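The values are calculated or read from the model by the stated rules, or taken from the named source; none is laboratory data. Please read these numbers as outputs of a predicted model, since none were measured by experiment. We place every Cβ from the backbone using ideal geometry, glycine too, and count neighbours over all the protein chains shown.
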Amino acid sequence: MTSRQLFPQNVIAMIWDFDKTLIPGNMQGPLFRHYDIDETAFWDEVDGLEQFYLDHGAHRVARDTLYLHHILTYVREGRMPGLSNDLLRELGGEIQFYQGIPDFLELLRKSIESEPRFAEHQIRVEHYLVSTGLRPMILGSAIAPYLADVWACEFTELVAMPDYRKRQERLFSPDREIRQLVYTIDNTTKTRAIFEINKGSNRNPAIDVNSKMAPEDRRVPFLNMVYVADGPSDVPVFSVVGANGGRTYAVYRPGSQIEFEQANRLLEQDRIDAFGEAVYTEGSQTAMWLTHAARQIAHRIVRDREEALSERVGLPPRHVGDD
């Protein structure tokens, strides 16, 4: 019996970080402006929370999600009254992107999918967003229409009280404010999202991300991935993608010596394949490198498929004596 692949493996996954990769700072800026909260003071408080909890009896602290709990504290204390997921999504519309975003995402997709040789093999580009930021804000931003999927942190306005199945009228907070976390991504668990893309479990719920799958059965091989991010916090994903044959690229804020040196260290440590300024306009180094990487992947997919076809089909029968 001939084995069949679960997926054609003709997808090129462009996987993006968000903060300081597609935008100059943190996405929460519009949230702080809306409530007239000093953004620097808020992040300074967050930076001190780990030691604060350790000093008061905690054994370990999940530092990457501390800011999310601090936002909930601000809501409970009346510093962010009425903060809902709808409001977060609305504020996401105020996020300002680096030059060339979101246009570059569509230009890259079209540049691959419109080439006849690639189109013949139905090769396509999918953009994914994996962030420790807030999913509603990303979905409300200008980049949302170009994304195939988003992994980011999520709040809920639901309050599941004891016996909540019998108390449906108490499910939502009276003022529709966010009340608790239902999903978090940190710098380490970003790798789980990468494996979900790899195995296709985000597209087919029947596939568990922890299930054993042969490389040929995975929806997006690591060889078909390009991961773009900004710094040391992305090392876990850089490592997973790079070690498995994918492409890795770091960006830095134009003109920032500190961020340039940070990206350069990643290159010196063999964490990434290359780096450049976070400028995505046509003709920029970053746009050209990412486009070239995607085209190289597409050419390899074509070559592999044509070789596989040749091996499986074989030569046609011929008459004895034919040249």
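Quick rundown of the values:
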{"item": "Near pairs, Cβ below 6 angstrom, 6+ apart or cross-chain, from the range 210-235 (among the hydroxyl-bearing types (Ser, Thr, Tyr)) to any residue that is buried (at least 18 other Cβ atoms within 10 Å of the Cβ) and not in a loop (DSSP other than H, G, I, E, B)", "result": "Tyr227/Ile15; Tyr227/Val237; Tyr227/Val241; Tyr227/Thr248"}
{"item": "Strands (runs of 3 or more DSSP E) completely within the range 222-284 that count 3 or more residues being among the hydroxyl-bearing types (Ser, Thr, Tyr) and touching a helix residue (DSSP H, G or I) at 6+ places or on another chain (Cβ under 8 Å)", "result": "247-252"}
{"item": "Residues that are surrounded by fewer than 20 Cβ atoms within 10 Å (Cβ to Cβ) and within 21 Å of the chain's Cα centre (by Cα), drawn from the range 257-266", "result": "Gln262"}
{"item": "Complete set of residues in the range 65-95 that are out of contact with any Leu (no Cβ under 7 Å at 6 or more places or on another chain), of a type outside the set (A, V, I, L, M, F, W, C), in a helix (DSSP H, G or I) and closer than 22 Å to Ile143 by Cβ", "result": "Tyr67, Asn85, Asp86, Glu90"}
{"item": "Those residues of the range 125-143 which are outside any helix (DSSP H, G or I) and under 23 Å from Arg192 (Cα atoms), in sequence order", "result": "Val125, Glu126, His127, Tyr128, Leu129, Val130, Ser131, Thr132, Gly133, Leu134, Ile143"}
{"item": "Some residue of the range 179-195 being within 25 Å of the chain's Cα centre (by Cα), closer than 20 Å to His34 by Cβ, at pLDDT 95 or above and of a type in the set (A, V, I, L, M, F, W, C)", "result": "no"}
{"item": "Test: Leu108 is at pLDDT 95 or above, crowded, with 18+ Cβ neighbours inside 10 Å and either in contact with a Cys (Cβ under 7 Å, 6 or more places away or on another chain) or in a helix (DSSP H, G or I) (or both)", "result": "yes"}
{"item": "The one condition in (1) assigned to a helix (DSSP H, G or I); (2) surrounded by 13 or more Cβ atoms within 10 Å (Cβ to Cβ); (3) modelled with pLDDT of 95 or more; (4) among the β-branched types (Val, Ile, Thr) that Thr40 fails to fulfil", "result": "(2)"}
{"item": "Filtered residues of the range 34-70 (kept if touching a residue at least 60 places away in the same chain (Cβ under 8 Å) and under 30 Å from Gln99 (Cβ atoms))", "result": "Asp64, Leu68"}
{"item": "Yes/no for Leu129 being in contact with a Pro (Cβ under 6 Å, 6 or more places away or on another chain) and either buried (at least 18 other Cβ atoms within 10 Å of the Cβ) or of a type in the set (Gly, Ala, Ser) (or both)", "result": "no"}
{"item": "In the range 13-28, the residues that are in a loop (DSSP other than H, G, I, E, B) and aromatic (Phe, Trp, Tyr)", "result": "Phe18"}
{"item": "Matching option when the condition is closer than 26 Å to Ala278 by Cβ, of a type outside the set (Gly, Ala, Ser) and more than 25 Å from the chain's Cα centre (by Cα), among Arg33, Arg60, Arg79, Arg89", "result": "Arg33"}
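For (1) farther than 17 Å from Ile12 by Cα; (2) at pLDDT below 85, each residue gets a yes or a no:
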{"position": "Ser211", "(1), (2)": "yes, yes"}
{"position": "Leu223", "(1), (2)": "no, no"}
{"position": "Val228", "(1), (2)": "no, no"}
{"position": "Pro236", "(1), (2)": "yes, no"}
{"position": "Val240", "(1), (2)": "no, no"}
{"position": "Val251", "(1), (2)": "yes, no"}
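Every residue, every condition in (1) touching a Cys at 6+ places or on another chain (Cβ under 8 Å); (2) modelled with pLDDT under 95; (3) farther than 24 Å from Glu177 by Cα, yes or no:
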{"residue": "Met27", "(1), (2), (3)": "no, no, no"}
{"residue": "Leu31", "(1), (2), (3)": "no, no, no"}
{"residue": "Asp36", "(1), (2), (3)": "no, no, no"}
{"residue": "Glu50", "(1), (2), (3)": "no, no, yes"}
{"residue": "Gly57", "(1), (2), (3)": "no, no, yes"}
{"residue": "Asp64", "(1), (2), (3)": "no, yes, no"}
{"residue": "Leu72", "(1), (2), (3)": "no, no, no"}
{"residue": "Val75", "(1), (2), (3)": "no, no, no"}
